[in-house]
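A.B. asks: My questions will all concern the structure given below.
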Amino acid sequence: MKFFHLYDYQQDMKGRIKEAFRSHQSVMIQMPIGTGKTYLLAAVVSEYIARNQGRVWILAHLLWPVLTRP
């Protein structure tokens with residue numbers, strides 16, 4: 001399993017995500033561009049799968065049609 005080095009603010013958000021999952025079935029996070037959301041997601045999912053051997057469903061909203069209009 002690959003481990004991810006997370007910055008302090010990412011570790012803080014990871015803790016918040018874990019806490020949110022204690023009382024909610026799904027969680028949405030929002031962070032500014034370039035803050036490492038993808039690495040944070042990979043770290044959270046890797047840890048979850050290692051501990052629970054479960055499945056993870058990831059949804060991402062993409063505004064591609066809006067971005068490609070002339």
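The values are calculated or read from the model by the stated rules, or taken from the named source; none is laboratory data. Remember, it's a predicted structure, so these values are computed and weren't measured experimentally. Cβ coordinates were reconstructed from backbone atoms using ideal geometry, including for glycine residues, and neighbour counts include every protein chain displayed. Heads up: the accessible areas ignore ligands, DNA and RNA and are worked out on the full protein's heavy atoms, side chains in. Shrake-Rupley method; radii C 1.70, N 1.55, O 1.52, S 1.80 Å.
A.B. asks: Quick one: net charge around residue 8, please, counting Lys, Arg +1 and Asp, Glu -1 for every other residue with C-beta under 14 Å from its C-beta.
C.D. replies: +1
A.B. asks: Rounded to the nearest percent, how much of the accessible area of the stretch 5-49 (1.4 Å probe, protein heavy atoms only) is carbon and sulfur? Can you show the working numbers first?
C.D. replies: Details: 2020 of 3550 Å².
C and S fraction of accessible area: 57 percent.
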